[in-house]
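The next block holds one structure in the form of structure tokens; read it before the comments.
Just so it is clear, none of the values below were taken in a lab; they were calculated from the coordinates. Quick caveat: nothing in here was measured; it's all calculated off a predicted structure. Here the Cβ positions follow ideal geometry from the backbone for every residue, glycine too, while neighbour counts run over all protein chains shown.
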Amino acid sequence: MQPATYKIKCGSLAGTREREIDVDAQMTIGQLKSEYAELEKLNPSDLQFVFGSETCTDEQKLSDLGIVEGSSIIVAVTQTGIDLIRSLYFVFVEHLPSSCARRCSPQ
């Protein structure tokens, strides 16, 4: 029988941003996202959780997904809007020769 509260791990495939979080079986993925986002100073809407091979939805309960003590959930941080533009700018401009980067830089 599963205890009332138990610990699971949430983090990226690379092992970064890994957190051990106390949960209960009736908690939803949305609640877990909010808790994880608060710990990592992220926006919950920018997070995708994957358990096994399934992308989790905010409405799903941990118990319905078979998440038990010691389970690990993969967290993907999505980038939208201005964050994506900044990332693309960095990849494009920061990796060009300096003479070209000066011409491409926003004024």
What is the sum of charges around Cys56, taking Lys and Arg as +1, Asp and Glu as -1, for the other residues whose C-beta is under 12 Å from the C-beta of Cys56?
-> -2
Which ³J(HN,Hα) values in Hz, rounded to whole numbers, follow from the phi angles of segment 15-24 under the Karplus curve 6.51 cos²θ - 1.76 cosθ + 1.60, where θ = phi - 60° and Gly and Pro get x?
-> x, 8, 6, 7, 10, 9, 10, 7, 9, 10
May I ask you to evaluate 6.51 cos²θ - 1.76 cosθ + 1.60, the Karplus curve with θ = phi - 60°, for each residue of segment 56-67 and list the ³J(HN,Hα) values in order in whole Hz, giving x for glycine and proline?
-> 8, 9, 4, 7, 5, 8, 4, 5, 5, 8, x, 7
